[in-house]
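Notes to accompany the following structure.
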Amino acid sequence: MRYVSTRGQAPILGFEDVLLTGLARDGGLYLPEAWPTLSAVEIRGLSGKPYAEAAARVLAPYAGGAVTQDEFATLLADAYRGFGHTAVAPLKQIGPRHWLLELFHGPTLAFKDYALQAVGRLFDRALARRNQRVTIVGATSGDTGSAAIEALRDRAAVDVFILFPKGRVSEVQRRQMTTVDAPNVHCIALDGTFDDCQDMVKALFNDPGFRDEHQLSAVNSINWVRIAVQIAYYAAAAAALGAPDRRIAFAVPTGNFGNVLSAYAAKRMGFPIERLILGSNANDILTRFLGSGEMAMAPVQPTYSPSMDIQVSSNFERLLFEVVGRDGARVAELLGGFRKEGRFRLDDEAMGRIRGLFEAHRLDDAGTLDVIRRIHRDTGELVDPHTAIGIFAAEKSRLDPGIPIVSLATAHPAKFPDAIERAVGFRPSLPERLQGMMTAKERVQDLANDQKAVKSFIAGRVRR
Ligand SMILES: *Cc1c(COP(=O)(O)O)cnc(C)c1O
């Protein structure tokens, strides 16, 4: 399998290089040169298989032999072993034609674990084969840091350093990072803000001597392999509900467009996905775009669904490449304009392609609490604010009522206790397997916002 950049100017790469590279050298994102497909018989054969086996079948074509289907099955079984539900990604019915796909059974209680747990292992395997190591350095305002730490802990070829602003993340968020007892994980509480942490990471990457000596690398939200691993839960859900013989729709609370892009890939692989329904919060750039045909930036507003407080959905670039006929020069032109002017417009033909599959609905904070309250009253389920927005979008959809809709439950409600308490009057409790965290010993280094101090801390702890 060969991978091409959405801007058409970067070298064509194989699976392992795409895994280790992240962003393409021309500023674009990698996509498969051609979409692999599964036959109707193969899709039917997924239902009833253990999750890791079904996922391996879906994922193997993307590796083109660099990782075999059997190797994927073993690696994924290991990645998902510690998850809190033996089905890994269970479906739960909440209405006559409406299901929830629970993607919060991983170690940090959000869907990003499903891809990161696999990518961490694939990273380690590729580096070992090449006899290389990397030092991952990242800044976090809360949730990304813990997902990365959980994915990379105990990996032999990787050391991880995560900077967070001291005193400015919640206790649960801090403990999710600092109680991880692994020799390759290092948490730094920086005396500063989240922006200071980000600036510090940038400064480290901008020092070529330091960067090369320690093989600095990043955990990237635009890594193709993360998108590829996520295809598996769409595929498994579709097969469980009757694919290829019954059409299906998914409702996805969307920020960076990474999750829903995996659903698009599942459709390209042959799964009978009739519609993709996006939910957005007050940061509604995608909803406005689907209405008007113009992508226009606006200031970011904080909401109860912080993982969707995003204005530039970086993975949208991959869909853009597809709907302009895989013309990299056109993508570069449109996004160049977007960077300069904060807006771009698509022609009717490209918009027609997008609107043929996608629709989008927006919900504000008050509406989000209403949905949480109503779903709890009507079904007994507690849903997190992100999930509530997807459910709302599913309910708004004008889709043929014969088609089942699966709403993605992207986080566990216990991650957002304040919003849940406002909606239903009580705080959800953490799953039992995480409760030990609240009393476990913390490992964290306080550091001044000082490059020399941070560099010497990292240099002293990187394993050789
Ligand atoms: C990251 C995240 C989202 C948004 O997903 P994208 O891939 O960025 O669109 C939605 N919900 C939760 C809980 C998340 O953590």
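The values are calculated or read from the model by the stated rules, or taken from the named source; none is laboratory data. Nothing here was measured: the structure is a model prediction, and the numbers come from that model. As a convention, Cβ positions derive from the backbone with ideal geometry for all residues, glycine included, and neighbour counts pool all protein chains shown. Accessible surface is based on the protein model in full, side chains and every heavy atom, while ligands, DNA and RNA are left aside. Shrake-Rupley method; radii C 1.70, N 1.55, O 1.52, S 1.80 Å.
Tell me, rounded to the nearest percent, the portion of alpha carbon pairs in the chain spaced more than 27 Å apart.
54
Work out Dmax and Rg for the stretch 415-462 from the C-alpha atoms and quote the Rg first, both in angstrom.
Both quantities, over Cα of the stretch 415-462: 18.2, 48 Å.
Go through the stretch 88-98 residue by residue and turn each phi into a ³J(HN,Hα) via Karplus (6.51, -1.76, 1.60, θ = phi - 60°); whole Hz please, and just put x for glycine and proline.
For the stretch 88-98, the Karplus-derived couplings read 6, 10, x, 9, 9, 7, 10, x, x, 10, 10 Hz, x marking Gly and Pro.
Val406's amide H: which non-local residues (gap 5+, or another chain) put their own amide H closer than 5 Å, with H modeled 1.01 Å from N in plane and none for Pro or chain starts?
Trp99, Ala249, Phe250, Ala251
For the chain, with all protein chains present and a 1.4 Å probe, just round the carbon and sulfur fraction of the accessible area to a whole percent.
C and S atoms contribute 48 percent here.
State the three equivalent ellipsoid semi-axes of the stretch 124-249, derived from the C-alpha gyration tensor as the square roots of 5 times its eigenvalues, in descending order and whole Å.
On the way: eigenvalues 201, 80, 39 Å².
So the equivalent ellipsoid measures 32, 20, 14 Å along its semi-axes.
Rg(Cα) of the stretch 313-405 divided by 2.2 N^0.38 Å?
Details: Rg = 17.6 Å, N = 93, 2.2 N^0.38 = 12.3 Å.
Ratio of Rg to 2.2 N^0.38 Å for the stretch 313-405: 1.43.
With 10 Å bins from zero, work out the P(r) of the stretch 1-115 over every alpha carbon pair and list the percent per bin.
Going out from 0 Å in 10 Å bins, the stretch 1-115 shows 13, 32, 35, 18, 3 percent.
Which shape class applies to the stretch 271-353: rounded if a/c is under 1.5, otherwise prolate when a/b exceeds b/c and oblate if not, where a ≥ b ≥ c are the square roots of the Cα gyration tensor eigenvalues? Don't skip to the end; give the middle numbers.
Working: a/c = 1.93, a/b = 1.23, b/c = 1.57.
Since a/c reaches 1.5 but b/c is at least a/b, the shape of the stretch 271-353 is classed as oblate.
Under a Cβ-only charge scheme (Lys and Arg +1, Asp and Glu -1), can you give me the dipole magnitude of the chain about the Cα centre, in debye to the nearest 20?
Taking the Cα centre of the chain as origin, the dipole is about 500 debye.
Classify the stretch 49-169 from the C-alpha gyration tensor, please: rounded if a/c falls under 1.5, else prolate or oblate depending on whether a/b exceeds b/c.
Verdict is oblate for the stretch 49-169.
Within straight cross-link reach of Lys452, meaning Cα distance under 16 Å, which aspartates and glutamates are found once same-chain residues fewer than 8 apart are removed?
Asp191, Asp196, Asp199, Asp207, Glu213
In vacuum, with every alpha carbon of the stretch 360-413 counted as one equal point scatterer, what does the Debye formula give for log10 I(q)/I(0) at q = 0.16, 0.18, 0.24 Å⁻¹? Two decimals, please.
Each listed q maps to, in turn, -0.45, -0.57, -0.96.
Just need the relative contact order of the chain here, percent rounded to a whole number, with Cα pairs under 8 Å and 6+ apart.
19
On a straight-distance basis, which lysines could pair with Lys455 in a cross-link, Cα separation under 17 angstrom, same-chain partners fewer than 8 positions away excluded?
Partners found: Lys202.
Mind giving me the nanometre distance, one decimal, between the label points for Thr86 and Gln301, set 7 Å out from Cα along Cα→Cβ?
Simple spin-label model gives 4.6 nm for this pair.
What spacing in nm lies between the two simple spin-label points modelled at Asp191 and Ala40, each 7 Å away from Cα in the Cβ direction?
6.9
Check cross-link reach from Lys415 to the lysines: straight Cα distance under 23 Å, and skip same-chain residues fewer than eight apart.
Straight-line reach from Lys415, under 23 Å: Lys92, Lys112, Lys166, Lys441.
Can you bin the stretch 334-464 into rounded, prolate or oblate? Criterion: square roots of the alpha carbon gyration tensor eigenvalues sorted a ≥ b ≥ c, rounded for a/c under 1.5, prolate for a/b above b/c, oblate for the rest.
On the way: a/c = 2.74, a/b = 1.26, b/c = 2.18.
It comes out oblate by the Cα gyration axes.
Can you give the accessible area per residue of the stretch 156-311, in Å², using a 1.4 Å probe?
Per residue, the stretch 156-311 has an accessible area of 33 Å².
Once you have the Kirkwood Rh of the stretch 162-310 from its Cα pairs, apply Stokes-Einstein at 20 °C and 1.002 mPa s and quote D in µm²/s.
114
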